[in-house]
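Asks: Please read through the structure below; I'll follow up with questions.
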Amino acid sequence: MQSPARKQSRPRSPIQGFLPFFWMALACITGIFFSDLLNLPLWIWATGAGITFITLILAKVLPKSLALTHILRQWTRINHRLPRAVLVLIFFLAGWLQSASQPNITPEHVAFYNNRGTVQVVGTVVRPPDPRDSYTNLTVQVESLRTLDATSTQAKSQQITGLVLVQALPGGEWAYGDRLQIMGELQTPYEGADFSYRDYLARKGILSLMPYARVERISSGQGNPIRAFIYGLRAQGFEALQTLFRSPESDLLAGILLGRDQGLSPELQEAFRRTGTTHIIAISGFNIAILAGLFAGVFTRLLGRRWGAVTAIIGITGYTILVGADAAVIRAAIMGALGVFGGMFGRRQNGLNSLGMAALGMMLANPNIPWDVGFQLSVAATLGLVLYAQPLEERFLELLTRWMPEERAQKWIGPFSEFFLFTIAAQLMTLPIMAYHFEGISWMAFIANPLILPVQSLVMILGGLAMLAGMVLPGLGQLVAIVVLPFVSYTIQMVTWLARLPGGELTFPDFHALWLVVLYALIFIVTLLPREQRRSLFQKALSPQLGALVLAGLVFIIWSRVLSAPDGNLHLTLLDSEGTVLVQSPAGKTVLIGGGQRPSRLNQYLGQMLPAGDRTLDAVVVGSAYRDDLNALTGSLAKYPPDSALWGVDPEVNQTTATVYTMLEESQIAIITLETGQTLSLGDEVELRVLWTGERGAVLWLKWEHFTALLPTGKVEDYWLAAPEPPDVILLPDGLKAESLPLPTVNLWAPSVILLPMAESDLPLHGDHELVTQLDGYPLVSSLDHGWVRVSTDGERLWVNSEW
């Protein structure tokens, strides 16, 4: 009688186990993103958390015989090991924390004084100085501030909080813990065409920038002694690398080991960018995860599971301290240690739980951390190691056993996994993130990374040993440097050679954040779900329900196009505090006057206000020469190109005008010189006429049937008063002073609407704005109170709408 065949166990996905911290981390990050997206008040998040908590308690303590108890227990799933209500509670708590972490800009916060003139601040350097070619970045925690007028100073300093990024002249011997007196003008960080420096610094808690600052040291050694010691150790390591290696090898190692990549030449940095390998020239979560995986594999093999883990943790801790132990490195080290060891010394579910616990703790401690690129790389790289390192190792072992005895294959698999497979697993999961942040990945990255990543573990380990030895015994450091030098030189030469190959800059343009979700979903579905579950999922994806959803989406798109078609009215919309105006004629013609300061804001408004599917403007009017009036065009002309541009200023007056003019020329957009008396027809007898134009501004006149609007832009002085007839709508010039407002003329005109471009930085430190006070009782609408303001007319009547 034959024994019954052994029943094969079905493959099981690692995400099907009990993963409480993993799911709680997902609930936390979802709450943070929704809070950032919706910008709801704190009380909504607090109310949601309170209701969820009370519901959870009631479901636990109420008698089971009650019908209400049954409903509550069913909704909360109180009987499950991880109740649903716990995830909902974490969702609301995370949203509350994210909302509460946003700074409140009051007179006690340094950002309140942005763009308000020269100030003098006293503060302490709280991060290591960041030297650049033309300046040195100093992150300063402000203690006090006093405003300065043109001749004297305010008598008394005010107690102020907040961080400022100070850009001091290069060459100064600044250090962490220096207490400084700084004089300069606080500014809101700029937002460029493809990168928002403002948002980047805001995620780090910095809302103010002070360029061209005059800095004096008051005292030294005011920082945390432990941090001062660590930063001093890091400086010694940098000096050791400069002594042991020549440039550019020393500069590359400084970037990999210490996070100081400023010494690399622009040409070499460009080579790393073109080959998609920029992630290796600075400390990141990716590098820490690779190092953690290497330590875990080597020490476990040498010392066994328990002592190998302890030794690996000590090694990661020592490396973290050596490279400066700043917040980003500490986060990456914690995540790498917990996540990798959880997966290395048990099931992959343990690794996911450990990774979730680390990520959850970091997000609760700092709700802004999900936007940190280092955090994203840490999560992705560690996730790759946890999920794919072991399967890749097992698969490669199967391939080796086909060509050699199993005992020999076991000897080969260890070093191969530690120096190659772990790197591939981490690289696989970080590719979408790098594509998003670096605006796509060159196809050359798929060649360059497999060629140089296997040696990066040796570069990090041997380079670190050479640096340590050079700090203690320079002679020993020289010996270790000889060993590591070929690997560093190989990295540089390979990257340089690959960067010279033609066509290497083919990238994935406009890599939207939604693609991150799609790519990671596809990766997880294909690699983690068993075949039967994948087949079932794809069948559901092709179900009639999905077809109905797609049909509903098509109906929505069609109706959006119908509703966004021209409605036969004339619309004049004030978009921002710089006086940017969008004119939409009854025939659907669109004219943009100015551009504003922030490209993202202008792109958002144009996307909302232009007809669905329409990404073109009929004309752009450039009548102002000021940077803040035109900077947004550098990031909008490519997305919303105009058919023509009416140009009225000197293109070389500043860098912004030169950039915009060059973009128009390169895009072969017709550039028409703006001249007094010129008329632009917008169809249906709508005319936009130039009343006056000068070197720094212009005055425009919009007329349709019985409706008229006076639209000055830029610096126009008193020329904006030369209206041919009383206007229905007056756009006050940006920066108009109360003493320059001709109230008799305004009274004579009796306009229906007065539009006032104004930002919070235009307000005085105390009291109300004089211009607003003077126009009290007039039909005044300010951009300070509304995101945008739209005046619409049918030629006879007019009405006003706003964003809020």
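The values are calculated or read from the model by the stated rules, or taken from the named source; none is laboratory data. Model, not experiment: these values are computed from the prediction. No Cβ is skipped: glycine too gets one built from the backbone with ideal geometry, and neighbour counts run over all protein chains shown.
Asks: What pairs can you find where one residue is in the range 397-419 and modelled with pLDDT of 80 or more, the other is surrounded by 15 or more Cβ atoms within 10 Å (Cβ to Cβ) and of a type in the set (S, T, Y), and their Cβ atoms are less than 7 Å apart, with a gap of 6+ or different chains?
Replies: Listed by first residue and then by second, the contacts come to nothing, as the list is empty.
Asks: Please go through the range 251-276 and give me each residue that is of a type in the set (S, T, N, Q) and buried (at least 21 other Cβ atoms within 10 Å of the Cβ), ordered by number.
Replies: T275
Asks: Condition check: modelled with pLDDT under 90 and over 33 Å from the mean Cα position of the chain (by Cα). Does L38 satisfy that?
Replies: Considered against the rule, which asks whether it is modelled with pLDDT under 90 and over 33 Å from the mean Cα position of the chain (by Cα), L38 comes out as no.
Asks: Considering each residue of the range 638-659, count those that are buried (at least 19 other Cβ atoms within 10 Å of the Cβ) and touching a Gly at 6+ places or on another chain (Cβ under 9 Å), and give that number.
Replies: So the answer is 5.
Asks: Out of L165, L169, L201, L186, which single residue is aliphatic (A, V, I, L, M) and either touching a His at 6+ places or on another chain (Cβ under 9 Å) or surrounded by fewer than 17 Cβ atoms within 10 Å (Cβ to Cβ) (or both)?
Replies: Going through L165, L169, L201, L186 in turn, just one is aliphatic (A, V, I, L, M) and either touching a His at 6+ places or on another chain (Cβ under 9 Å) or surrounded by fewer than 17 Cβ atoms within 10 Å (Cβ to Cβ) (or both): L169.
Asks: Take the residues in the range 113-136 that are part of a loop (DSSP other than H, G, I, E, B) and within 30 Å of H769 (Cβ to Cβ), then tell me which one is nearest to the chain's Cα centre (by Cα).
Replies: The extreme case among them is N114.
Asks: A follow-up question, please. Tell me yes or no: at least one residue of the range 666-674 is crowded, with 22+ Cβ neighbours inside 10 Å, without any contact (Cβ under 8 Å) to a residue 60 or more places away in the chain and aliphatic (A, V, I, L, M).
Replies: No; the residues of the range 666-674 include none that is crowded, with 22+ Cβ neighbours inside 10 Å, without any contact (Cβ under 8 Å) to a residue 60 or more places away in the chain and aliphatic (A, V, I, L, M).
Asks: Here is a further query. Do we have S219 as of a type in the set (G, A, S) and surrounded by fewer than 14 Cβ atoms within 10 Å (Cβ to Cβ) here?
Replies: Against the criterion (of a type in the set (G, A, S) and surrounded by fewer than 14 Cβ atoms within 10 Å (Cβ to Cβ)), S219 qualifies.
Asks: While we're on this one: Among the residues that make up the range 588-611, is at least one of them touching a strand residue (DSSP E or B) at 6+ places or on another chain (Cβ under 6 Å), part of a loop (DSSP other than H, G, I, E, B), in the same structural domain as Y661 (by TED's automatic domain parsing) and over 21 Å from H786 (Cβ atoms)?
Replies: Yes, the conditions are met somewhere in the range 588-611.
Asks: Which one is nearest to Q597 (Cα to Cα), of the residues in the range 631-674 that are assigned to a loop (DSSP other than H, G, I, E, B) and of a type in the set (S, T, Y)? Lay out the reasoning, then the answer.
Replies: First pass over the range 631-674, keeping only residues assigned to a loop (DSSP other than H, G, I, E, B): 631-632, 637-641, 648-654, 667-669, 674.
Next, only the ones that are of a type in the set (S, T, Y) stay: 640, 667.
Details: Y640: 16, S667: 21 Å.
Residue satisfying both the conditions and the ranking: Y640.
Asks: Additional query: Of all residues in the range 682-707, how many are in a strand (DSSP E or B) and either charged (D, E, K, R) or over 42 Å from the mean Cα position of the chain (by Cα) (or both)?
Replies: 6
Asks: Here's something else I'd like to know. Checking T491 against (1) surrounded by fewer than 15 Cβ atoms within 10 Å (Cβ to Cβ); (2) outside the structural domain of A271 (by TED's automatic domain parsing), which single condition isn't satisfied?
Replies: The number of the failed condition is (1).
Asks: The conditions are (1) polar (S, T, N, Q); (2) farther than 24 Å from G117 by Cα; (3) not assigned by TED's automatic domain parsing to the domain that holds A365, and Q269 fails exactly one of them. Which is it?
Replies: Result: Q269 passes all but (3).
Asks: Among the residues of the range 783-804, which ones are modelled with pLDDT of 85 or more and within 30 Å of G117 (Cα to Cα)?
Replies: Once the filter is applied, which keeps residues that are modelled with pLDDT of 85 or more and within 30 Å of G117 (Cα to Cα), the range 783-804 yields W788, V789.
Asks: Take G237 and tell me if it is touching a residue at least 24 places away in the same chain (Cβ under 8 Å), crowded, with 16+ Cβ neighbours inside 10 Å and not hydroxyl-bearing (S, T, Y).
Replies: In short, yes.
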